[in-house]
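Have a look at the structure below, then the notes.
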Amino acid sequence: EQGADGPEGPQGPPGEDGAPAAESITVRSDTFSVGLTGFNVSVSCVGDEIVVGGGFNATSTFTVRASHADGLSTWRVRGGGLLSLGSVTVQAFCLDPTP
């Protein structure tokens, strides 16, 4: 059998400062010409940057089958069903982890 809780102790010392926040996010992008058979295109971060998001813009109507991170530093977009020839601009939002 356990006894009653004791009185609250004194507050401890403050913790150490945390690591500094990342300094910046850079948008990396590239535009690809795509045909009627579909596409699988990507854009990558550079150096030590880490991809934290991404997306795409298109000049034609099509079906997106995937838009996702591919590893730690690449954003990939895959699709098809184009109604006409066009282009897709893929964007990767890249975090520079160095302070």
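The values are calculated or read from the model by the stated rules, or taken from the named source; none is laboratory data. Only a predicted model underlies this, so the values are computations on that prediction, with no experimental measurement involved. When we count neighbours, we look across all protein chains shown, and the Cβ atoms used for this are built from the backbone with ideal geometry, even at glycine. Calculation scope for accessible area: heavy atoms of the full protein, side chains included, ligands and nucleic acids excluded. Shrake-Rupley method; radii C 1.70, N 1.55, O 1.52, S 1.80 Å.
Miscellaneous remarks
- Members of region 74-99 that are farther than 24 Å from Ser33 by Cβ and open to solvent by less than 50 Å² (accessible area, probe 1.4 Å): Leu95, Asp96
- If you filter region 59-70 down to residues that are open to solvent by less than 50 Å² (accessible area, probe 1.4 Å) and part of a loop (DSSP other than H, G, I, E, B), you find that the one that is farthest from Ser29 (Cα to Cα) is Phe62.
- Within region 71-99, restricting attention to residues that are among the hydroxyl-bearing types (Ser, Thr, Tyr) and either at pLDDT below 95 or outside any loop (DSSP other than H, G, I, E, B) (or both), the residue that is farthest from Val52 (Cα to Cα) is Ser84.
- Within region 30-50, the set of residues being at pLDDT below 90 and not aromatic (Phe, Trp, Tyr) comprises Ser33, Val34, Gly35, Leu36, Thr37, Gly38.
- Within region 32-58, tally of residues that are loosely packed, with under 14 Cβ neighbours inside 10 Å and among the hydroxyl-bearing types (Ser, Thr, Tyr): 2
- Condition check for Val27: among the aliphatic types (A, V, I, L, M), surrounded by fewer than 14 Cβ atoms within 10 Å (Cβ to Cβ), modelled with pLDDT of 90 or more and not in a strand (DSSP E or B): no
- Inter-residue pairs, beta-carbon under 6 Å, first free of Cβ contacts under 8 Å to residues at least 12 places away in the same chain and within 14 Å of Gly71 (Cα to Cα) and in region 23-48, second part of a strand (DSSP E or B) and not aliphatic (A, V, I, L, M), 6+ apart: none
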